[in-house]
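Each remark here refers to the structure printed beneath this line.
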Amino acid sequence: MEIIQSLVEKMGVLGKPGVKVMTTLFATILITCGKVNFTNLSRYSSLSEKTYRRQFHRQFDFAQFNAEIIKAANSLQHQMIAVMDCSFIAKSGKKTFGLDQFYNGSHNRVEKGLEVSLVAVINVETEVGFGLLAEQTFCLFNGQCQTTLF
């Protein structure tokens, strides 16, 4: 947890309480049984549900945090490449946000569901991939789809 604490402090975007919440959050996610939500996180940690809710109203740059973790985990001499992949999630219903027609590579056709775009970094020498940022693709009313990655 010292590594996470030092990386969050290095980013300099959170105060002392924010650093405590984020370090507790990452440790608690690993031991939480069931869904990871504020109520369940408060059951398995010393922080209250209200504390998690308050902290998540503030911005936190997870892409920058993930990039710092990737830098700490890899040697600077290794060659790295960035890749992007879209994944299809089958979903029915009418009220799910982002529900639309997307290409499903498994079935080789367009189907109703959700799409998630992932930007990852791959260490070419060790052939290990690290997820950098994942975002849901959603379509606007005019039929134009967008991902809020960049």
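Throughout, read-outs are computed from the coordinates displayed, never taken from laboratory work. What you see is a predicted model; the values in this text were computed from it and never measured. Cβ coordinates were reconstructed from backbone atoms using ideal geometry, including for glycine residues, and neighbour counts include every protein chain displayed.
Values computed for the structure shown
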read-out	value
Mean residue ellipticity (222 nm) of the chain, computed from DSSP H runs ≥ 4 via -39,500 (n - 2.57), nearest 500	-10500 deg cm²/dmol
Cα-based helix-to-principal-axis angle, 2-11 vs the chain, degrees rounded to 10	70
Rounded, prolate or oblate (a/c below 1.5 giving rounded, otherwise prolate when a/b exceeds b/c) for the stretch 24-63 by Cα gyration tensor	oblate
Highest average packing first - 56-64, 115-123, Cβ atoms within 10 Å	115-123, 56-64
Shape call, the chain: gyration tensor on alpha carbons, a/c limit 1.5	oblate
When each of Lys50/Lys112; Lys35/Lys112; Lys20/Lys91; Lys71/Lys91; Lys50/Lys94 is checked by Cα-Cα distance, pairs over 27 Å	Lys50/Lys112; Lys20/Lys91; Lys71/Lys91; Lys50/Lys94
Between helix 16-31 and the chain: long-axis angle, C-alpha atoms, 0 to 90°, nearest 10	60
Long-range HN-HN contacts of Lys91 with modeled amide H, under 5 Å	Gly113, Leu114
Rounded Å value of the spacing that divides the Cα centres of the stretch 84-115 and the stretch 23-53	30
Karplus-derived 3J(HN,Hα), 6.51/-1.76/1.60, for each residue of the stretch 56-67, Hz, glycine and proline x	7, 6, 8, 6, 9, 7, 5, 5, 5, 4, 4, 5
Rounded, prolate or oblate (a/c below 1.5 giving rounded, otherwise prolate when a/b exceeds b/c) for the stretch 5-87 by Cα gyration tensor	prolate
